[in-house]
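Remarks on the structure that follows.
All of the numbers you see were taken from the coordinates with simple rules; none came from a lab. Predicted model only: the values in this text are computed from it and were never measured. Every residue, glycine among them, receives a Cβ derived from its backbone with ideal geometry; neighbour counts consider all protein chains shown.
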Amino acid sequence: MKFLRLTLAALLLTIPIATRAEEENRYDLLGKMLMPFVNVFAKTTTNPNRAFAFTARLEQLTDTPPALLGIEADIAVQYPDKLRLHGPVLGEEITICRNGQDLWAFPGSKIEPLLKAAASEKKLPKADRKFRLEPFELPIPEKQFVLLPVLFQVKDIGSEPLDGEPCRVMDVFLMPELAKSLKAQGWAARVWVRGDAKPARISVAKPGWNITVRFEHVEFAPKLPDSMWEPTSEQAADVLKLDPVRYQQLLGTLMK
């Protein structure tokens, strides 16, 4: 926490006052896009929205077969400990859910063999038997969130329509000092922002690698329906219950 505060202060001092004034508009827009997500993970906040949900569509990913481009995933998060992922994996529509310490996945009849096959091929991430699920929580006071855009360099690219909707396009880079400390030199992002400041598309790249994701149906709310975190009646007969270690392994396997 102390390191982050000092970093923010140092970066503020390195930006000339004239430059801050000239760039206020695009930094303000970046902040408006990021803040609703960040507020969901705040330990304390005056913002009433503590949950979000959206659909993400893969448009581009380095070395990905063309048949996989266009796949969609539904993602829902609610503070402090709820997460739901739904999307296609290896030709199957799967759901992984965390509801506090209650962890489950569907369809269990497909996911159990997936975990066993990964284990037999030694592809499972190493399990930490001391692993426990913690709340989704940022160790940063809400009053410091306003400084978040200062961690980036932002270049205004202009306007571009997506499906007929005008979007503001910006290139975003970590401040050089921060990129060096995080060993993230060479990383860059391009964001397309809708008129309501919600993300429409994000492209992240480093030398030799790129991913582009389209965002749809981005919604924020004080909370999501309780049914979001429970299996449907159709899913109930084929639910695989998970402990924290297997949950960690399943997420790691899918990320790979």
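The table that follows gives values for the structure above.
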quantity	calculated
³J(HN,Hα) computed for each position of region 172-183 - Karplus, 6.51 cos²θ - 1.76 cosθ + 1.60, integer Hz, glycine/proline x	10, 10, 5, 4, x, 4, 6, 4, 5, 5, 8, 6
Calculated SAXS-style log₁₀ I(q)/I(0) at q = 0.13, 0.15 Å⁻¹ - the chain, Debye, Cα scatterers	-1.03, -1.33
Expected-Rg normalisation [2.2 N^0.38 Å, Cα atoms] applied to region 38-90	1.49
Other-chain or far-sequence residues with amide H under 5 Å of L69's (modelled H)	none
Sequence-distant residues sharing a close amide H with I157 (under 5 Å, placed H)	V169, M170, D171
Calculated FRET value between W209 and E142, using beta carbons and R₀ = 45 Å, to 0.05	0.85
Relative contact order computed over the chain (Cα-Cα under 8 Å; 6+ residues apart), in percent	26 percent
Amide proton proximity set for K223, modelled H, under 5 Å, gap of 5+	R50
Charge tally in the Cβ shell below 14 Å around A73, where Lys, Arg are +1 and Asp, Glu are -1, A73 excluded	-3
Ranked packing of 48-59, 175-186, most packed first, by mean Cβ within 10 Å	48-59, 175-186
Helix-only CD estimate at 222 nm, as mean residue ellipticity for the chain, using -39500 (n - 2.57) per DSSP H run (n ≥ 4)	-8000 deg cm²/dmol
Candidates P149, P161, P231, ranked by Gaussian network fluctuation over the chain, Cα under 10 Å, top entry	P161
At 1.567 mPa s and 4 °C, Stokes diffusion of region 113-225 via Kirkwood alpha-carbon radius, µm² per second	72 µm²/s
